[in-house]
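The values are calculated or read from the model by the stated rules, or taken from the named source; none is laboratory data. All values reported here derive from a predicted model rather than from experimental measurement. Positions of Cβ are backbone-derived with ideal geometry, glycine not excepted, and every protein chain shown enters the neighbour counts. Remember, those area values only see protein heavy atoms, side chains included, never the ligands or the DNA or RNA. Shrake-Rupley method; radii C 1.70, N 1.55, O 1.52, S 1.80 Å.
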Amino acid sequence: MGSIDPPKAEQNGTAAAAVAVPDQKPAAGDAMPPPPLAVKHSNGTGGEPDAATKRRRMSVLPLEVGTRVMCRWRDGKYHPVKVIERRKLSPGDPNDYEYYVHYTEFNRRLDEWVKLEQLDLDSVETVVDEKVEDKVTGLKMTRHQKRKIDETHVEGHEELDAASLREHEEFTKVKNIATIELGRYEIETWYFSPFPPEYNDCSKLYFCEFCLNFMKRKEQLQRHMKKCDLKHPPGDEIYRSGTLSMFEVDGKKNKVYGQNLCYLAKLFLDHKTLYYDVDLFLFYVLCECDDRGCHMVGYFSKEKHSEESYNLACILTLPPYQRKGYGKFLIAFSYELSKKEGKVGTPERPLSDLGLLSYKGYWTRVLLDILKKHKGNISIKELSDMTAIKADDILNTLQSLDLIQYRKGQHCICADPKVLDRHLKAAGRGGLEVDVSKLIWTPYREQG
């Protein structure tokens, strides 16, 4: 599952990644200057380091891949990082490298290239682990790294075995595209996306916000925009309420658009499998509309035919539009489509960290709203029929809230009004509501 509206910051590792939503700025704007460098010296003063300190610092350069060190981040503070990759800047200086680092306190979406002056060389932890050859993938790893991957549960990659996970992390460890321009926004990317080889030398791509074609240079985009006839996603508008529109795009009829959407989404979704065969999918693209056209804010996709009752395969709210309730709107919309189909639905697993939290919040609000208003007994099957939420998801949600008891061979829902109010308050606001009267849609099987 993909990234949607981030929750409030919690402990590092899962929701803490939401602290790291990249800065979005209009493409024409200037980037904010970095905070002043906080120079740290071993003698505790702000003066020049002594000769011994200089020699010690130079002795660790260039830093090896795998080195752990403290790095100055955008907040001006030092955070622990691990060196993932390095690249030479000038051939004349043997120590002139730039380093790609992973902030160990944060999600991988914050990995970035940093200059040597951002690193506190006094904090370097020497890496002496012996290299071992992984027989399955052929990737060289330290024994410590191999053991850590084999033993650690990795969030968002539960479907991968250890060998596949190592291959995935090795292939995607360095972001290939640093920023994109989409409409009036310049957006920092989060993850690697496998664009065609001819884009390997690009750190920035320019997207047409309507057809999603991407180019290497601004001038190419400007020429393209003069010829592009689209002012909205290619597909049928199935919903409009105020300035919000939803378009259904058939991957078979609009293959290039579907593939470009996958390339774009992969920049912000770590675990997403990129499907080049988009014929089997429908894409539901949410837009904000004005007199210039319909501008994509996010989307979700679903299989045309799912044997597992999945009503959503992938979901993304673009970073400039996060924290506005659009992710919750997309989730709610997927369930409204399930109701129209007369089916119960569930999102495709695995869910990302942000996706799981948003779904739990949605399920909690929907189920507790019903329980609060309902008089008398109600079964899990009745809740499923009313909401189109799969019974397993209902059971797991209510169990996590301690609202389920097992009595005489069956599950009983215990809905104390005060407890319901407390959980509803903790679940937060519900976001934008779907006005079902504005939804004009025919299920795919009936279209056929």
Among (1) open to solvent by 40 Å² or more (accessible area, probe 1.4 Å); (2) touching a His at 6+ places or on another chain (Cβ under 8 Å), which single condition is residue 404 missing? (1)
Residues of the stretch 189-213 being modelled with pLDDT of 95 or more, more than 14 Å from residue 265 (Cβ to Cβ) and not hydroxyl-bearing (Ser, Thr, Tyr), which ones? 204, 208, 209, 210, 211, 213
Just the residues that are outside any helix (DSSP H, G or I) and not β-branched (Val, Ile, Thr), please, taken from the stretch 352-381. 352, 374, 375, 376, 377, 379
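Got a sec? Which of 316, 356 is touching a residue at least 24 places away in the same chain (Cβ under 8 Å), open to solvent by less than 30 Å² (accessible area, probe 1.4 Å) and not basic (Lys, Arg)? Walk me through it before giving the result.
Numbers: 356 fails: open to solvent by less than 30 Å² (accessible area, probe 1.4 Å).
None of the other options fit; the residue is 316.
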Can you tell me which residue in the stretch 325-349 is least open to solvent (accessible area, probe 1.4 Å), limited to those that are out of contact with any strand residue (DSSP E or B) (no Cβ under 8 Å at 6 or more places or on another chain) and in a loop (DSSP other than H, G, I, E, B)? 325
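Does residue 383 fit the bill of being of a type in the set (A, V, I, L, M), touching a Leu at 6+ places or on another chain (Cβ under 7 Å) and more than 22 Å from residue 282 (Cα to Cα)? Please lay out each step first, then the result.
Details: of a type in the set (A, V, I, L, M): yes; touching a Leu at 6+ places or on another chain (Cβ under 7 Å): yes; more than 22 Å from residue 282 (Cα to Cα): yes.
Taking the combined requirement at face value, the residue satisfies it.
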On the basis of being open to solvent by 80 Å² or more (accessible area, probe 1.4 Å) and either farther than 23 Å from residue 324 by Cα or not aromatic (Phe, Trp, Tyr) (or both), does residue 390 make the cut? no
Among residues belonging to the stretch 412-429 that are open to solvent by 40 Å² or more (accessible area, probe 1.4 Å) and under 30 Å from the mean Cα position of the chain (by Cα), point out the one that is modelled with the highest pLDDT. 422
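Answer with yes or no whether residue 431 is more than 22 Å from residue 316 (Cα to Cα) and not in a helix (DSSP H, G or I). Can you show your working first?
Values: more than 22 Å from residue 316 (Cα to Cα): no; not in a helix (DSSP H, G or I): yes.
So residue 431 fails the test.
Do we find that residue 297 is touching a Gly at 6+ places or on another chain (Cβ under 6 Å) and either small (Gly, Ala, Ser) or open to solvent by less than 30 Å² (accessible area, probe 1.4 Å) (or both) in this structure?
Spelling it out, it is not the case that residue 297 is touching a Gly at 6+ places or on another chain (Cβ under 6 Å) and either small (Gly, Ala, Ser) or open to solvent by less than 30 Å² (accessible area, probe 1.4 Å) (or both).
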Residues within the stretch 70-116 that are in contact with a Lys or Arg (Cβ under 8 Å, 6 or more places away or on another chain), among the charged types (D, E, K, R) and part of a loop (DSSP other than H, G, I, E, B), tallied: 2
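Going by the conditions given, is residue 286 crowded, with 19+ Cβ neighbours inside 10 Å, modelled with pLDDT of 90 or more and farther than 21 Å from residue 254 by Cα? Spell out the reasoning first.
On the way: crowded, with 19+ Cβ neighbours inside 10 Å: yes; modelled with pLDDT of 90 or more: yes; farther than 21 Å from residue 254 by Cα: no.
Spelling it out, it is not the case that residue 286 is crowded, with 19+ Cβ neighbours inside 10 Å, modelled with pLDDT of 90 or more and farther than 21 Å from residue 254 by Cα.
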Cβ pairs under 8 Å, 6+ apart, first in the stretch 228-241 and in contact (Cβ under 8 Å) with a residue 12 or more places away in the chain, second surrounded by fewer than 17 Cβ atoms within 10 Å (Cβ to Cβ) and among the aliphatic types (A, V, I, L, M): 238/440; 239/440
Within the stretch 165-179, identify whether any single residue is modelled with pLDDT of 95 or more, open to solvent by less than 40 Å² (accessible area, probe 1.4 Å) and not basic (Lys, Arg), and answer yes or no. yes
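May I ask you to list the residues in the stretch 284-315 that are small (Gly, Ala, Ser) and outside any loop (DSSP other than H, G, I, E, B)?
Pass one, the stretch 284-315, residues small (Gly, Ala, Ser): 293, 298, 301, 306, 309, 313.
Matches in the stretch 284-315: 293, 298, 301.
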Considering residues that are closer than 30 Å to residue 418 by Cβ and at pLDDT 95 or above, the number found within the stretch 347-358 is 0
